[in-house]
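The values are calculated or read from the model by the stated rules, or taken from the named source; none is laboratory data. The shown structure was predicted, so the numbers you read here are calculated from the model rather than taken from an experiment. Ideal geometry is used to build each Cβ from the backbone, glycine not excepted, and the neighbour counts take in all protein chains shown.
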Amino acid sequence: MQTEAAQTFVGENQVNLACFETEGRLYALDVSQVREIVRSQAVTPLPMAPSLIEGVVDLRGAVIPVLDLARVLGGTPPEETAQSRIVVLDCDGLVLGLFVASATDVLSVDASRLEDVPELASQAGYDAVRHVVRRPGAAPVMVLSLEHILENVYKSAIAGPEESR
């Protein structure tokens, strides 16, 4: 069974990637997984929540959990600035937000430009990045695995609410 995102890759020659930056690196997700991108707003902490859930925001009457992408990827959370955004995602009906330093653009690339992660990394169990898009004269764009992000949240729930904060 193919996911909606997989159908985007298979059914068309072009793939649209929503790009955003955190910790000075450019990441992306398939636009089919992105509901919207909104300005950052105050996040209300959830007591005893899994450690990777920063808290929740009220977005047009819906309460949405927010994760800091830098923390999910093992980095340091960025300072909130005027460019900070929350990328609102929909993964099979599960809605969540990713706090990022900035949203940059939508990159439309030919599906053949989506390269696999280097074999050494994938054999070592690395699965945060699904694909890499090389760009002439610029750092590559890392296409994230939303499933990996969610798996990290579930693992943080098992570890306890404060262990990885």
Kindly establish whether Val106 is surrounded by fewer than 19 Cβ atoms within 10 Å (Cβ to Cβ) and in a strand (DSSP E or B).
yes
So is Asp127 assigned to a strand (DSSP E or B) and surrounded by fewer than 17 Cβ atoms within 10 Å (Cβ to Cβ) or not?
no
May I ask you to verify whether Leu150 is surrounded by 13 or more Cβ atoms within 10 Å (Cβ to Cβ) and at pLDDT 90 or above?
no
Complete set of residues in the range 122-141 that are small (Gly, Ala, Ser), farther than 17 Å from Gly74 by Cα and modelled with pLDDT under 85
Ser122
Identify the residue in the range 72-93 that is of a type in the set (A, V, I, L, M, F, W, C) and within 21 Å of Asn16 (Cα to Cα) and, among all such residues, is surrounded by the fewest Cβ atoms within 10 Å (Cβ to Cβ).
Cys91
The residue that is nearest to Val132 (Cα to Cα), considering only those in the range 38-62 that are β-branched (Val, Ile, Thr) and surrounded by fewer than 17 Cβ atoms within 10 Å (Cβ to Cβ), is Val38
